[in-house]
Structures are given as C-alpha cells and as structure tokens.
1. Rounded to the nearest 10 Å², what accessible area does Y143 have for a 1.4 Å probe in the complete protein model?
2. Please calculate the 1.4 Å probe accessible area of E165, with all protein chains present, and give it to the nearest 10 Å².
3. Given K93/K125; K116/K178; K45/K93; K93/K159; K93/K119; K46/K119, which pairs have Cα atoms separated by over 26 Å?
4. Once both labels are modelled 7 Å past Cα along the beta-carbon direction, what's the R112-D152 spacing in nm?
5. Taking a probe of 1.4 Å, how large is the accessible area per residue of the range 84-123, in Å²?
Amino acid sequence: YINSIIINLKNRDNNIKFKFDNVLSKFPDNRSLLLAIVDYSIKYKKEDAAVNYIQNYAKRNTNDAEINIILRQIKGIDKPENLVNLLYELVNKYPDNETGSRYLAMNLYANRNMGKLEKYLNRFKSDNTKGWVMFYTALLDSYNENLKTALDEFESSYKLDKHWEILYNLSIVSQYNKNYNKAIEYLQQADNSLMYSELNLKVKSIIRT
C-alpha cells in the first residue's frame, strides 16, 4: 500500500489524500504505517491532514507519548512558543508522561526560556530519582555560570542515566573549571558510548589550545 502511494506521490497524484485515508481505514492502528503517512503528508505540505491522522490515532491510544508529542510538533511547526504551550497542555494532562516532560524541558532550554524552565523543574524538586530533571537543572546552572553546582548535578544525573550527552556536558564544564585532563577523560567516555569522533576531536583541539 505505502509503496504504491509513494509512486503516486512522485507522479503528483491529486487524489493522494483519499488514498492515505483508504489505507488508514484498513489499518487504523498500524503505528508504523501512520508515522510513514504523516511524514509524507508533511513533506507534501498537507499538515492539516497529518494533524487529523495523528488526532484520530491519539484518541484511541491516549498513552502513546511519542504520538502526542508529534501531534504538538506539527501544530507548533511554525512558532516555537506555540509548541511550548502545546507541550504544557500535554504534561498537565498526563503528569506521569516522562517523555512529554523531558521534551518540554528540552524546548524551554532550546528557546532560552530559563525562567519558565526553572519554574517547571521546581515541580520535581523533591524527587531525586529523575536523571533528566538533574540534567536540565545542571544545564540551567551552567547557563547561570554556577559551574561547581552544575558539575555535581551532571554527575548525579549520569549515575541515573548513562547518556553520552551528559558526559559531553561534564567535559565542557570541566574545561571551564580548568580541569582539562578530566575534560578529555569525559570526552573519551562519550566517544566510547557513541561514535562521536568528529565532535570529540573538535573539542579536544579546543581544550589543548
């Protein structure tokens, strides 16, 4: 089905939305098919159709965090502030949805909404089991140049979530604290966990100059 649709897309078939609708009516809960159709709908400037497909699926699968995030991404595609508001709506509706919470924190930080990020992270202040909260708290402290506190928080975050991005940030903070050997060590650990050789070499060259 999807291959025949792609061929028709390449031939600029004007009835493509009808064909998408027809396929999804046959396989309404096929997640992979849904995501493929949404992807092609956006690619061919049919955002309204993509939102409709996602909404119909989300109504039947309310706990699918990724689908709910994609829906809000599409709705906020032109304005980052709209996406942030839509993500607030998501986390307020599903407070235990950690994926949505992480994604909101990421977008607040990416858009430098530091006041909102700090306020949001304060919701979880009493919970020391969430590595992602410690990670974004550390990023916030780094931004505010509280580097010693940031280093401690990144280390605490890494104990709970062994992710290369935490090691990378540990390396950067160690560099600013003039602990260059430790900075290189963290980069090497990050490089071992994910093949990030180009980034590794670039930052090492900065450290050594």
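1. Accessible area, nearest 10 Å²: 110 Å².
2. My reading of the accessible area for E165 is about 80 Å².
3. Values: K93/K125 20 Å; K116/K178 31 Å; K45/K93 29 Å; K93/K159 30 Å; K93/K119 18 Å; K46/K119 36 Å.
K116/K178; K45/K93; K93/K159; K46/K119, as the Cα separations exceed 26 Å there.
4. Distance between label points: 2.8 nm.
5. Ligands and nucleic acids excluded, the result is 55 Å² per residue.
The values are calculated or read from the model by the stated rules, or taken from the named source; none is laboratory data. Keep in mind that this is a model prediction, so the values were computed, not measured. Methodologically, a virtual Cβ is constructed for each residue, glycine included, from the backbone with ideal geometry; neighbour enumeration extends over all protein chains shown. SASA here: full protein model, heavy atoms, side chains in, ligands and nucleic acids out. Shrake-Rupley method; radii C 1.70, N 1.55, O 1.52, S 1.80 Å.
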